[in-house]
1. Based on the Cβ-Cβ distance from Ser332 to Asp40, what FRET efficiency comes out when R0 is 45 Å, to the nearest 0.05?
2. With N residues in the stretch 123-174, what two-decimal value do you get for its Cα radius of gyration over 2.2 N^0.38 Å?
3. Would you list, by chain and number, the lysines whose Cα falls below 26 Å from the Cα of Lys269, excluding same-chain residues fewer than 8 positions away?
4. Could you line up Ser456, Ser335 from fewest to most neighbouring Cβ atoms inside 10 Å?
5. Go ahead and run the numbers for FRET between Lys187 and Ser413, Cβ-Cβ distance against an R0 of 22 Å, rounding to 0.05.
6. Which semi-axes, in whole Å and largest first, does the equivalent ellipsoid of the chain have when worked out from the alpha carbon gyration tensor as the square roots of 5 times its eigenvalues?
7. Just want the ordering: Trp475, Trp469, from fewest to most Cβ atoms lying within 10 Å of their own Cβ.
8. If I take the Cα coordinates of the stretch 432-482 and project them onto the principal axes, what are the three extents in Å, biggest first?
Amino acid sequence: SLSCDLYAAGGTPCVAAHSTTRALYGAYSGSLYQVRRSSDNATRDIGVLSAGGYADAAAQDTFCAGTTCLISVIYDQSGRGNHLTQAPPGGFSGPAPGGYDNLAVATAAPIMVGGHKAYGVYVAPGTGYRDNSTNGIARGDQPEGMYAVFDGTHYNGGCCFDYGNAETNSRDNGNGTMEAIYFGNNKVWGYGAGNGPWIMADLENGLFSGVNRGYNAGDPSISHRFLTAIVKGEPNHWAIRGGNAQSGGLATFYNGPRPNVAGYNPMKKEGAIILGIGGDNSIGARGTFYEGVMTSGYPSDATENAVQASIVAAGYAPSGGGVPGGTLTPGSAISLRATTPGYTDRSIRHQNDQVITSVVGSSSSSLDKNDATWVVRAGLASSSCVSFESRNYPGDYLRHQNYQLYRQRNDGSSLFAADATFCAQGGRSGQGTSFASYNFPDRFLRHYNNVVYIASNGGSHAFDSTSSWAADVSWTVGQPWA
Ligand code: AHR
């Protein structure tokens, strides 16, 4: 049985079920999500390989070959039509036209699930999905449960990476007008043990880690690569639970009465659904979503434990960077060689602190070879991505600044970490590997006039040129030159 079969058996059926990776009902054979490609704005629904099965990621790859796709709809599998689409402006406006939030880049969170390639929903700040007109979602003080599977290594302290129940007008309507799962290390309203990240409940004007505003010792820092996060609530009672989506069971981090702060008992839930944003369309957060559901009724711990076992059985695993042979292993030294016809003898190297491509071969000087060799490190900003440390300048990394690449010393700042982190995915040309910028996920490492940039597929800079883009952003991860 899959997640929503188990919730139904427990008497608390799913009223929303969202996933870009797999079906959440054994009988589900519909579409999981829709992608839209930039080349012609055409859309394509992505379904499952079989009823109750995994996403047909190959259909996305074929449709999006050589162009950039965004996830335009995340379909509701429950039959209630609670689909998630581009979030509209509210208390805050998003960066897209009309004040809408951005859509997620469809290839930015590649994984394996059950031995199949699939893509998650990569939320960079500014990205958000919402449904303000739902069917069957809890209102007022009605009971509900929610779980989501997130990338526990991809988070920040911005407000607010949420999945769950929010205001139907995208505004802050006061304490108790939301009930959503939050994940990240924001400490403005609440926090738990350690340095975070934490699973908390976003109840509006407050991320709660327990009964108190602020600190609650029972809520641990938790950062599994694949994280199961749970929040559920019923009259004057709610809970936070969590676990490793790849193994083991769930632990309960809070189980008790509503916060000892006015306004949260009774709750005033409005029944919209948000993903990746705060209730008032705050857009400061980042994270990655793979699947999640909302139920009618307060699920029992036993039901959730069965759901957790089924999530583990689904077999989430890292993609291995999308690299044939898995050569993007932290600690290994590599070269990054162009695949563009006519340029395949060129590798990414640093020279005078700038980053360019040069012709490098076995007879090259030792300086050239060292300059063109990089040591793979776990991503400075997220361990599900990678960073590249210079072979001959240890402590210096490949980083972008004003969209151009440089070799620079790691100054320990979060900006440097983000600028030096790249998320590997299948080569956009269909060959090799492409590297999306962690903080600009629609921009990829690209050579242009033999200089290396992070480039989008079309845009205002010369180096964003669509001509030869797919080949220029596709690299061979090869043996190190030194
Ligand atoms: O509760 C925390 C946040 O506060 C909500 O997500 C947002 O609506 C408000 O800014």
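1. Values: r = 39 Å, r/R0 = 0.87.
Plugging the Cβ-Cβ distance into 1/(1 + (r/R0)^6) gives 0.70.
2. Values: Rg = 12.9 Å, N = 52, 2.2 N^0.38 = 9.9 Å.
This ratio for the stretch 123-174 stands at 1.31.
3. Lys187, Lys232
4. Numbers: Ser456 24, Ser335 21.
Final ranking by Cβ density, sparse to dense: Ser335, Ser456.
5. Values: r = 19 Å, r/R0 = 0.84.
Calculated transfer efficiency: 0.75.
6. Values: eigenvalues 317, 102, 80 Å².
Largest first, the chain gives 40, 23, 20 Å.
7. Going from sparsest to densest Cβ surroundings: Trp469, Trp475.
8. Projected onto its principal axes, the Cα set of the stretch 432-482 covers 37, 24, 16 Å.
Since every read-out is calculated from the coordinates, none of them should be taken as a lab result. In this text the structure is predicted, and so the values were computed from the model without any measurement. For neighbour counting, all protein chains shown are included, and Cβ atoms are generated from backbone atoms with ideal geometry for every residue, glycine included.
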